[in-house]
Structures are given as structure tokens and as C-alpha cells.
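Working notes, beginning with the structure itself.
The values are calculated or read from the model by the stated rules, or taken from the named source; none is laboratory data. Because the structure is predicted, anything quoted here is derived from the model rather than measured. Every residue, glycine as well, gets a Cβ built from its backbone with ideal geometry; the counts of neighbours run over all protein chains shown. For the accessible areas, the whole protein counts, side chains as well, though only heavy atoms, and no ligand, DNA or RNA atoms are used. Shrake-Rupley method; radii C 1.70, N 1.55, O 1.52, S 1.80 Å.
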Amino acid sequence: MWRNLLGLRQISQRTISTAPRRQLENRVAEKQKLFQEDNGIPVHLKGGLMDALLYRLTMGLTVFGTAYVIYELCVASMPKKQK
């Protein structure tokens, strides 16, 4: 019985491991250098093309959403004519 218990403990310790399977390269220093560089580019666009696309998408959705809300407020503020 104790062997089973000991074996079960060893199996559970082996399967639940907090160690990563592969080591990732630490690139924090590179990113810090990139983002702290004084090149006139806003920090939210320094990540490259994907940052620029996400920024434009966000701004487009914001402008569209604001215009749509204003339109719906205008429609809601004018009562419909009854025949």
C-alpha cells in the first residue's frame, strides 16, 4: 500500500512541473532600447507595422462608433409623425 502511495506521489510530482519545456530568449533589453530611442515616433507606434494597423483600425472604429451614436441620438430625439 505504501509503495502505491509513494508511486502516486512521484507520478503527480513529475506531471505537474513548473519548469518550462524550452527556455525562451530574453529580449527585454532589445525592446527597452527600441522603445526608449528618441526618433520622433510615438511610443504606441514604435512596434512596427502591426502597431500602425491596430492604431488605424482602433481610430476608424472610434470615429465610426461616434458618428453612429450621434446619428442614433438625432433619430431618437425627433418624434415620428403619426398619420
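Please give the FRET efficiency for PHE35 paired with CYS74, using the beta carbon to beta carbon distance and R0 = 35 Å, rounded to the nearest 0.05.
0.25
Heavy-atom accessible area per residue, the stretch 42-82, 1.4 Å probe: how many Å²?
Here the per-residue accessible area is 92 Å².
Hey, what D do you get for the stretch 27-83 in µm²/s if you plug the Kirkwood alpha-carbon radius into Stokes-Einstein at 10 °C and 1.306 mPa s?
107
Taking a cut-off of 26 Å between Cα atoms, list the lysines near LYS81, but don't count ones fewer than 8 places away on the same chain.
Those lysines meeting the cut-off do not exist here.
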